[in-house]
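Contents: one structure, followed by commentary.
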Amino acid sequence: SEALSQSLLVLRELNRRESRNKLTKYSPYAKQKEFHRNGAIYNERLFMAGNQLGKTLAGGAEVAIHLTGLYPDWWEGLVFNEPPLLWASGVTSETTRDNPQRVLLGNPAMEEAWGTGWIPGDSITNTTRALGVANLLDNIQVKHVNGTSQVSFKAYEKGREKWQGPTVDMVWFDEEPPPDIYSEGKTRTNARGVHTMITATPLKGMSEVIRMFMSDD
């Protein structure tokens with residue numbers, strides 16, 4: 001009937017809108033919440049856990065919250081009052097696309113799905129594709145409550161030289177970076193107080209970067 005068809009259309013539209021606004025549904029478990037809270041206390045953070053335990057999801061949710069400036073009522077972590085410039089990074093261009101970019105934007109291979117990640121679809125104002133890797137973006141521009149923010153994507157494999165240059169507000173390392181990349185990424189934030197976060201499974205054991213966070217000093 002016409003009434004049933006109309007109801008299905010309404011339901012489909014509601015589902016579409018909900019899929020493009022998942023950030024409002026983010027409800028972190030205790031360790032994720034502690035990780036976020038520590039951003040107001042520590043300039044450098046490590047969320048270390050096993051696979052599939054929500055590390056990348058937590059990192060992506062925090063980046064999306066900063067990009068939009070839509071801090072939830074429960075938020076006790078770091079706050080940027082002005083639209084931030086953020087970097088999100090991974091080991092290779094492909095893993096950066098398949099992890100940080102995917103959780104922020106949605107399925108990289110389906111442009112119609114862009115906006116179903118942590119960044120609300122209606123908040124995305126522009127995307128710029130990277131060269132050389134299919135479906136990899138160079139950056140995403142986002143509507144912030146006080147203007148326009150941006151997240152750019154980086155890969156460790158590109159080497160330290162590609163990490164030099166601009167000043168940014170925070171760097172998110174998804175999986176453990178080499179010491180020189182971590183140092184260079186941290187340097188990018190020096191002018192704005194140093195803000196870095198790592199979400200990683202310690203596949204290399206007690207490496208130099210992990211050891212920095214584990215020592216009593």
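The values are calculated or read from the model by the stated rules, or taken from the named source; none is laboratory data. For clarity, every value in this text was computed on a predicted model and none was experimentally measured. Backbone-built Cβ (ideal geometry, glycine too); neighbour counts: all protein chains shown. These area figures cover heavy atoms from the full protein model, side chains too; ligands, DNA and RNA do not enter into them. Shrake-Rupley method; radii C 1.70, N 1.55, O 1.52, S 1.80 Å.
Can you give the local net charge around Trp172? Use residues other than it whose beta-carbon is closer than 13 angstrom to its beta-carbon, Lys and Arg +1, Asp and Glu -1.
-1
Using the beta-carbon distance between Glu34 and Glu2 and R0 = 45 Å, what value does 1/(1 + (r/R0)^6) give for FRET efficiency, to the nearest 0.05?
My answer for the efficiency is 0.30.
HN-Hα J couplings of region 30-43 from phi, Karplus 6.51/-1.76/1.60, θ = phi - 60°, integer Hz, Gly and Pro as x?
Whole-Hz 3J(HN,Hα) from phi for region 30-43: 4, 5, 5, 5, 5, 4, 5, 4, 5, x, 7, 10, 10, 7.
What whole number of Å gives the distance from the Cα centroid of region 47-123 to the Cα centroid of region 147-217?
The two parts, judged by their Cα centres, are 15 Å apart.
How large is the accessible surface per residue of the chain, computed with a 1.4 Å probe and reported in Å² as a whole number?
51 Å²
Using the Karplus curve 6.51 cos²θ - 1.76 cosθ + 1.60 with θ = phi - 60°, work out ³J(HN,Hα) for each residue of region 163-176 in order, rounded to whole Hz, and write x for Gly and Pro.
These are the phi-based 3J(HN,Hα) values: 9, 8, x, x, 8, 10, 8, 7, 10, 9, 9, 9, 5, 5 Hz.
Rounded, prolate or oblate: which fits region 25-70 when a ≥ b ≥ c are the square roots of the eigenvalues of the alpha-carbon gyration tensor, with rounded for a/c under 1.5 and prolate only if a/b beats b/c?
oblate
List, in order, the whole-Hz ³J(HN,Hα) value for each residue of region 45-52 obtained from phi through the Karplus relation with A = 6.51, B = -1.76, C = 1.60 and θ = phi - 60°; use x for Gly and Pro.
10, 10, 9, 10, 7, x, 5, 6
Starting from the Kirkwood Rh over alpha-carbon pairs, what translational D in µm² s⁻¹ does the chain have by Stokes-Einstein at 10 °C and 1.306 mPa s?
Rounded, D is 89 µm²/s.
Near the amide H of Leu137, under 5 Å away, which other amide H atoms are found, from residues 5 or more places off or on another chain, if H is placed in the peptide plane?
Those qualifying (amide H under 5 Å, at least 5 residues apart or on another chain) are Ala130.
By per-residue mean of other Cβ atoms within 10 Å, what is the highest-first order of 122-130, 191-199, 86-94?
Ranked from most to least packed, the peptides come out as 86-94, 191-199, 122-130.
Using per-residue counts of other Cβ atoms within 10 Å, averaged over each peptide, order 146-154, 61-69, 173-181, 45-53 from highest down.
By packing density, highest mean first, the sequence is 61-69, 173-181, 146-154, 45-53.
Can you compute the helix-only [θ] at 222 nm over the chain? Use -39500 (n - 2.57) per DSSP H run of at least 4 residues, normalise by all residues, nearest 500 deg cm²/dmol. All intermediate terms of the calculation are to be shown ahead of the outcome.
Working: 7 runs with 65 residues, N = 217.
Theoretical 222 nm ellipticity from helices: -8500 deg cm²/dmol.
Counting only protein heavy atoms and a 1.4 Å probe, tell me what percentage of the chain's accessible area is made up of carbon and sulfur.
On the way: 5470 of 11110 Å².
Its accessible area is 49 percent carbon and sulfur atoms.
Whose amide H sits under 5 Å from the amide H of Lys154, counting only residues 5 or more places off or on another chain, with H placed in the peptide plane?
Ala88, Ser89, Gly90
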